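Following: one structure in structure tokens, then a few remarks.
The values are calculated or read from the model by the stated rules, or taken from the named source; none is laboratory data. Because the structure is predicted, anything quoted here is derived from the model rather than measured. Using ideal geometry, Cβ is built from the backbone for each residue, glycine included, and neighbour counts are taken over all protein chains shown. With ligands, DNA and RNA removed, areas are computed over all heavy atoms of the protein, side chains included. Shrake-Rupley method; radii C 1.70, N 1.55, O 1.52, S 1.80 Å.
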Amino acid sequence: MTQDATGTTTEAAQRLLERRVRALEAAVLVFPVIVTEILLVLGLLVPFVTDKVDGEEQTVNLFGLVGGLLGPDESGEVSSGDAPFGVAFIVLIVVIIGALLFLPSLARSDISPLTQRITLTFVVLLIAGTLGAWMVMGMGLSSNSPWIMEPALPILSVGTVLAALLAFLPVYRDIWKR
């Protein structure tokens, strides 16, 4: 009888230890995902650029920037030079939203290969989009441009780096695949 009690006690202790390890792994996986999600949302919502419009400074977030690039000018027409940038920033917004939807799957242990591929695709597109936004911002910050950079792009960049680390870091992916 003591042998059964000892065996049961050992198995119970092992199950308890396994539950604790899974809980710690979940915490390790969830915290960086939450931080990344917060940074990506802030990248969408905080001011992106300050621009002089009709002599007065106007601070806009990413959505306002798209509206400004695709909106009609004084003549009532959309500038053919601004339209591609407006479309590119719409694509960036869609990619950020897609990454926001699929990044939480990184914290789950039972992720399907399809979800994994979709998440990695969104992260790669997020990296490309953030680099493209930096290039556009570099052009917009030229000496004769009225743009002033605001904190959204650096915040978005940090969120993108964290998303890339979460998606591509081998140690993290080994835990993720368990």
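In segment 19-26, is there at least one residue being farther than 16 Å from Pro151 by Cα, assigned to a helix (DSSP H, G or I) and at pLDDT 90 or above?
Step one: of segment 19-26, the residues farther than 16 Å from Pro151 by Cα are 19-26.
When the remaining residues are screened for being assigned to a helix (DSSP H, G or I), the result is 19-26.
Add one more test, that the residue is at pLDDT 90 or above, and what stays is none.
Within segment 19-26 (the criterion being farther than 16 Å from Pro151 by Cα, assigned to a helix (DSSP H, G or I) and at pLDDT 90 or above), the answer is no, since none of the residues qualifies.
Set side by side, the residues Ile90, Ile34 differ, and just one is open to solvent by 60 Å² or more (accessible area, probe 1.4 Å), of a type in the set (A, V, I, L, M, F, W, C) and touching a residue at least 12 places away in the same chain (Cβ under 8 Å), which is Ile90.
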